[in-house]
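The values are calculated or read from the model by the stated rules, or taken from the named source; none is laboratory data. Everything quoted here is computed from the prediction, not taken from an experiment. Cβ atoms come from the backbone with ideal geometry, glycine included; neighbour counts cover every protein chain shown. What goes into the accessible areas is simple: the full protein's heavy atoms, side chains included, and nothing from ligands, DNA or RNA. Shrake-Rupley method; radii C 1.70, N 1.55, O 1.52, S 1.80 Å.
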Amino acid sequence: MVNPFESAQRQLHLAAKGGDFSNELIDRLSRAEREITVTIPLTMDDGSTRFFEGYRVQHSGLRGPYKGGIRFHPEADLDEVRALALWMTMKTAVADIAMGGGKGGVVVDPDILSSGELERLSRGFVRALYRNLGPEVDVPAPDVNTTPEIMSWMSDEYAKLTGDTSGASFTGKPVDQGGSEGRGAATGQGGYYVFEALKEKLNLPRSVSVAVQGMGNVGGNAARTFVSHGHKVVAMSDSKDAIYNEDGLDPEAVEKYKAEHRSLKGFPDVQMFTNAELLELSVDVLIPAALENQLTEENAERVQAKMVLELANGPTTPEADEILRKRGIKVVPDILANAGGVVVSTLEWEQNKKNEHWSEEVVLERLKETLIPQANVIYKNAEESGVTMRIVAFRLALKRLANALEKVV
Ligand code: GLU
């Protein structure tokens, strides 16, 4: 198994190698500023108590408060959260928003909890960590398996414990509870803006065929966004099965079917594949929107897409990156492609602090003008210097982090 933190560190060092960065900066960013492991006691519905392990890794506060989601997953572990936190630092710097990077996780399969248990676990996470969180300290958000509802429980718990009712302590809340317009769809939407900025440069057809791995918030929204702009989503998958129809799928119908049957099995008029086989389909754009380590040295040789738009964090290992580069497949790196989520989260934080509520139009315009220039610059530099967009994106982030470091030391 590839250790995601080792991958993240390797990406950092690869980017640092050709650039003019101080050892101090790279040494700092190779590790987290603070790592907290907590035990969360949870009273189950049957009255028994179970204990869950939780983490918050505060990777870098050089450019602002720590920012990043909390993941609920049975296989979450500290190294994964460390990697995700490092990527958040790079992502907020690429987007050039005044935030640092952090990430949280709880080792739990939320599917086995009742709604009451899930709420108590979410509140328990905040009780264990609230002294280290807050609008100017560390601002968590949703990630894998954490929903707007979970964010509203967390923000409510934070308010109870501290008296801070601004809502700016957590982002990704429901819109009627201090959330921002556009946050739900933001990661998919931001990915779509980045895709549009690069589409012609990569000589992609006017209407592209797309395979989307993952049907969580990000994958689902991305599929719907691509279809609403006239593209064809030919394949979608959940954590087990993939469905394929070369004439295109209706993402809403697929999501509805999945919600009703808790599976994609039996979906009409499609070919069935596994979730892993989806990655090797012949499409213009492949969107990994699930977990890390999906494109590896084992399967990268068989990828047929022209563009890989990384809406998941860390879906491509460094070995696969190298194989895809050699094969001329353009990988739009996670720290650019999926930055839409944290950009709109930051707009939510800003609205909460000012006690304002902006229209969806205003939010999406701000998102667009934040991401598109970065996408253009990263593509241009990558073409000029002959290295991957990931390395260029890391270097752009490192330059901004170096400027911030100069101010503190
Ligand atoms: N979990 C998301 C990410 O990986 C969003 C983070 C945020 O909104 O702070 O970028």
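Show me the GluC sites (Glu not before Pro) within segment 205-279 that DSSP assigns to loop and that have at most 12 other Cβ atoms within 10 Å of their Cβ. The partial results should precede the final answer.
Numbers: sites: E246, E252, E255, E260, E277; in loops: E246.
Passing both the DSSP loop test and the Cβ count: no residue.
Across V94, V344, V126, mean-square fluctuation computed from a Gaussian network of the chain (C-alpha pairs under 10 Å connected) peaks at V126. When the C-alpha to C-alpha distance is required to be over 32 Å, the pairs from K201/K265; K103/K240; K17/K353; K232/K399; K368/K407 that qualify are K201/K265; K17/K353; K232/K399. Shape class for segment 144-257: prolate, because the ratio a/c of the largest to smallest gyration tensor axis (alpha-carbon atoms, square roots of eigenvalues) is 1.5 or more and a/b beats b/c. Our estimate of slack between S114 and K160, defined as 0.36 nm per intervening residue step minus the Cα-Cα distance, is 14.3 nm.
Of all the accessible heavy-atom surface of the chain, with the other protein chains kept in place and a 1.4 Å probe, what percent is carbon and sulfur? Ligands and nucleic acids excluded, carbon and sulfur reach 46 percent. Sites listed here are trypsin sites (Lys or Arg not before Pro) in segment 325-409 whose DSSP assignment is loop and whose Cβ has at most 14 other Cβ atoms within 10 Å: R327. Here the dipole of the chain is about 1040 debye; that uses its Cα centre as origin and unit charges on the Cβ of Lys and Arg (positive) and Asp and Glu (negative).
Rounded to two decimals, what ratio of Rg to Rh does the chain give with C-alpha atoms and a Kirkwood Rh?
Numbers: Rg = 20.2 Å, Rh = 21.3 Å.
Ratio value, two decimals: 0.95.
Comparing A242, A98, A393 in a Gaussian network model of the chain, where Cα atoms under 10 Å apart are tied by springs, the biggest mean-square fluctuation is seen for A98.
Starting from the eigenvalues of the Cα gyration tensor, five times each then square-rooted, give me the equivalent ellipsoid semi-axes of segment 360-409, largest first, whole Å. Walk me through the numbers before you get to the answer.
Working: eigenvalues 106, 77, 8 Å².
Value: 23, 20, 6 Å, ordered largest first.
Comparing L25, F125, Y66 along the charge dipole axis of the chain, the residue lying farthest to the positive side is L25, per the Cβ-charge model.
Got the relative contact order for segment 1-55 handy, in percent, Cα pairs under 8 Å and 6 or more residues apart? Could you put the intermediate results ahead of the total?
Details: 32 pairs, mean separation 12.8, N = 55.
Relative contact order of segment 1-55: 23 percent.
Counting each pair of different Cα atoms once, what's the Kirkwood radius of segment 31-126 in Å, rounded to one decimal? Here the Kirkwood hydrodynamic radius works out to 13.8 Å. Quick check: Cα centre of segment 35-113 to Cα centre of segment 164-185, how many Å? About 18 Å separates the Cα centre of segment 35-113 from the one of segment 164-185.
Return the distance in nm (one decimal) between the two label points of a simple spin-label model at M272 and E136, each offset 7 Å from Cα along Cα→Cβ. With each label point 7 Å from Cα toward Cβ, the separation is 5.7 nm. The residues of the chain expose on average 41 square angstrom of accessible surface per residue, using a 1.4 Å probe on protein heavy atoms. Loop-resident trypsin sites (Lys or Arg not before Pro) (DSSP state other than H, G, I, E or B) in segment 42-81 with no more than 14 further Cβ atoms inside 10 Å of their Cβ are absent.
Taking only the Cα atoms of segment 277-329, the ratio Rg/Rh comes out at 0.90, with Rh defined as the Kirkwood radius.
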